[in-house]
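Below: one structure, written as structure tokens.
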Amino acid sequence: MYKFYMAPSGERALQFLEFTIPDLILLDIKMPGMNGLEVINRLKQDSRWLEIPVIFLTALNDKIKEEHAFAMGAVDYIRKPISAGIVLKRIHLHIELQKYRKSLESLVEAKTYQLMKSQDTILEILANVTSYRDHATGFHIQRTTLITELIVNCLFETGYHQYRLNRNYADNIIKSAKIHDIGKVGISDSILLKPGRLTPEEFEEIKKHPVLGAKMIDDAMQELGDDSSFLFVAKELVYSHHEKWNGFGYPMGLEGDDIPLSGRIMAISDVYDALVSDRPYKKAFTHEEAIVMMKKDAGTHFDPYIMEMIDDILPEFEYVFSRSKEREFV
Ligand SMILES: [Fe+2]
């Protein structure tokens, strides 16, 4: 049993829809005022009405109009004279189909949410694996991720046209920042945990971590048969976060825009955190000292355009760092 409302014209039908959203609309083509095709056009432009199934019920025997109606999103086209029984069956069918489609959509939504949660958890575990190997990097990962997020969001709001930075890419960069040093799990403890300055040979070993990390992600991609945008971005960021704008970085010696945007951003947060942190071979620089040094390196180490664009948010780096330091000693 259905409740049925009738409107004498297209205009009145649209007014009615302002207050009530029906399960289905039966629409004629020839009507006083707006015709049926004009009405469906309005329905499909409004997100409140877009998904209501529309069945055309018309005396017009016109193939072109029928094709046009389907092209505009009608789910069915019934010619008069009608058989009430058949019309009722088709109404029932389309309402059931719509319910089925909606339940499938919410199922897909729930599964996608679940998948994203598992991906985030695995990411957290991988980030922890890196930090457990080297205690100094635990808070380094937290801080660099937060600083990367600041930079990405700043670029997204101000410079995304220049960098073709859409929201999905931006979010994937932020997520990938957590595992930027994942390749360090492949470096021996005697080098990774050495309490002093590294020899040139040991430094060459450390320099392998971007390649090792990218290989781990690439292996996972092959194994899973998954080249999703997240894994792709994670791989490029891990591989390129030690490249330098002038081509003197590693592992590839890429130059300028050839360095993926994710790597150019990660380089900034990574170096800032290293400068303001104590290391076995150096004392921490102050925020002000670090910023002076980094600005000097814009155009040699760092992308000078990004450095210019994030100038206003540089003081926020210090805030992130000091908040993390507070937690570190709790
Ligand atoms: Fe690194």
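Key figures
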read-out	value
Meets criteria (in contact with a helix residue (DSSP H, G or I) (Cβ under 7 Å, 6 or more places away or on another chain), at negative phi, surrounded by fewer than 22 Cβ atoms within 10 Å (Cβ to Cβ) and not aromatic (Phe, Trp, Tyr)) for VAL185	yes
From the options LYS235, LYS244, residue that is over 15 Å from the mean Cα position of the chain (by Cα) and part of a helix (DSSP H, G or I)	LYS235
Subset of the range 134-190 (residues that are among the charged types (D, E, K, R), part of a helix (DSSP H, G or I) and away from the ligand (no atom under 13 Å from the Cβ))	ARG143, GLU149, GLU157, ARG167, ASP171, LYS175, ASP189
Of residues in the range 8-56 being in contact with a helix residue (DSSP H, G or I) (Cβ under 6 Å, 6 or more places away or on another chain), aliphatic (A, V, I, L, M) and within 19 Å of ILE82 (Cα to Cα), the one surrounded by the fewest Cβ atoms within 10 Å (Cβ to Cβ)	LEU24
Helices (runs of 4 or more DSSP H) wholly inside the range 256-330 that include at least 2 residues being within 16 Å of the ligand (Cβ to nearest atom) and either surrounded by 12 or more Cβ atoms within 10 Å (Cβ to Cβ) or among the aromatic types (Phe, Trp, Tyr) (or both)	261-275
Residue check, VAL238 in contact (Cβ under 8 Å) with a residue 24 or more places away in the chain, away from the ligand (no atom under 15 Å from the Cβ) and crowded, with 17+ Cβ neighbours inside 10 Å	no
Subset of the range 152-180 that is in contact with a Ser or Thr (Cβ under 8 Å, 6 or more places away or on another chain) and free of Cβ contacts under 8 Å to residues at least 60 places away in the same chain - its residue that is nearest to MET216 (Cα to Cα)	ILE179
Sole exception among (1) within 16 Å of the ligand (Cβ to nearest atom); (2) in contact with a His (Cβ under 8 Å, 6 or more places away or on another chain); (3) more than 25 Å from LYS117 (Cβ to Cβ) for TRP245, by number	(1)
All positions within the range 210-232 that are part of a loop (DSSP other than H, G, I, E, B) and among the acidic types (Asp, Glu)	ASP226, ASP227
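Every number in this text was worked out from the coordinates using simple rules, so none of it is lab data. Computed from a predicted model, the values in this text were never measured in an experiment. Cβ atoms come from the backbone with ideal geometry, glycine included; neighbour counts cover every protein chain shown.
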